[in-house]
Amino acid sequence: MNLTTASLLLAASLSLAACESKTATTGETDTTKATAETTLTDPATAPTSGTAATANDEANAVPAPDPSTIPAAKSRDAAAILARKQVPILCYHQIRDWTAKDSKNAKDYIIPVAAFKAQMKMLADSGYHTILPDQLYAYLTTGAKLPSKPVMLTFDDTDLDQFTVARPEMEKYGFKAVYFIMTVSLGRPRYMSKDQVKQLSDEGNVIGSHTWDHHNVKKYQGQDWVTQIEKPTKTLEDITGKDIKYFAYPFGLWNPEAIPELKKRGMVAAFCLAEKRDQQDPLFTIRRIIASGYWSAKTLHNNMVQSF
């Protein structure tokens, strides 16, 4: 994908979603296993398998501690963080049916509605439980327990269909997600409004930053950090009434120089795409894979297993 100007993406409005990297790679592996920790409202009558059990467990998940309460030394222990088994993290963009105008490459980033529904059902039927960034942060830094078969669902670029299509489908299973918002597009046609972003936050999802206009982080200089990070973060905090602590790199591209700049601006972790993590700052290079529009639910599951 041409990375030169994010404005072209917005002008086209229907252009393919902008995060770009390998759809999946075989990730780093280790032998540590997360342990289940779920709380059921009524253990005697609660379902024990399938989508009903998943929805029940999701609804009764225990909130994770705020990252500010975890000792800083834990976040700096790169060796311990890298030694823990990675959690599968999926990256979604547009959730809509393909059109004749969609290119072959664009279809990687556009999940047909039926395919998305099948993927969510597969996750629930397979016993996966969605987690949010505070839970992941606590697990990576302290080894805090996670639910059985954890997965994180993330959505980039503020597309309206994430609210109108993906959200109600995930609600069937009690799933929560992370929405990385590109603020320049708020309120534009085919993108979410501020009120919709606030609703997502109020409903228990997490809102993260995805810059102002999707400019490549590797090219930032001087004032770019204010334009692309500080101002959008303030905008999102004003919308949600909550601190914005998590960031996703446009195109999945990052460099070591970006990490201290993000830390200065309140970020505690950042998400890239399928490449290997930085050995010094793994919290700022947390891996995701793009859920391809070409994948069946079974293929998605296979890639999750192979990549993490």
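Read-outs throughout are calculated quantities, based only on the coordinates presented, and are distinct from any laboratory measurement. Just so it is clear, the structure is predicted and the values come from calculations on it, not from any experiment. Reconstructed Cβ throughout: ideal geometry from the backbone, glycine too, with neighbour counts over all protein chains shown.
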Worksheet item: What translational D, rounded to a whole number of µm²/s, comes out for region 103-154 from Stokes-Einstein when the hydrodynamic radius is the Kirkwood one over Cα pairs, at 37 °C and 0.692 mPa s?
Response: 254 µm²/s
Fill in: Per residue Cα convex hull volume in Å³ - calculated over region 68-212
138 Å³
Worksheet item: For region 43-307, what relative contact order do you get, as a whole percent, if you take Cα pairs closer than 8 Å and at least 6 residues apart?
Response: 22 percent
Response to the item:
PRE zone check, label point 7 Å out along Cα-to-Cβ of residue 52, amide N under 15 Å, scope region 111-127, hits 125
Worksheet item: When the convex hull of the C-alpha atoms of region 149-221 is computed, what volume per residue in Å³ does it have?
Response: 98 Å³
Worksheet, complete the sentence: One can check that the equivalent ellipsoid of region 43-307, built from the alpha-carbon gyration tensor with semi-axes equal to the square roots of five times its eigenvalues, has lengths in Å, largest first, of 26, 24, 18
Discussion item. Under 19 Å between alpha carbons: how many lysine pairs meet that in region 187-237, if sequence neighbours fewer than 8 apart on the same chain are excluded?
Written reply: 6
Discussion item. For a quick check: sort 113, 206 by the number of other beta carbons within 10 angstrom, fewest at the front.
Written reply: 113, 206
Worksheet item: What does the charge dipole of region 43-307 about its Cα centre add up to, to the nearest 20 debye, if the Cβ of each Lys and Arg holds +1 and the Cβ of each Asp and Glu holds -1?
Response: 460 debye
Discussion item. Can you compute the FRET efficiency between residue 113 and residue 296 using 1/(1 + (r/R0)^6), with r the Cβ-Cβ distance and R0 = 25 Å? Round to the nearest 0.05.
Written reply: 0.95
Worksheet, complete the sentence: antiparallel share of DSSP beta bridges within region 43-307, to nearest 5, in %, is 5 percent
Practice prompt. Can you find, among 113, 254, 178, the residue farthest towards the positive end of the dipole of region 43-307? Put +1 on the C-beta of Lys and Arg, -1 on that of Asp and Glu.
Written response: 254
Response to the item:
region 175-293: spread of alpha-carbon positions along the three principal axes, whole Å, largest first, is 38, 34, 25
Discussion item. Counting only other residues whose beta carbon sits under 15 Å from that of residue 115, what net charge do I get with K and R as +1, D and E as -1?
Written reply: 0
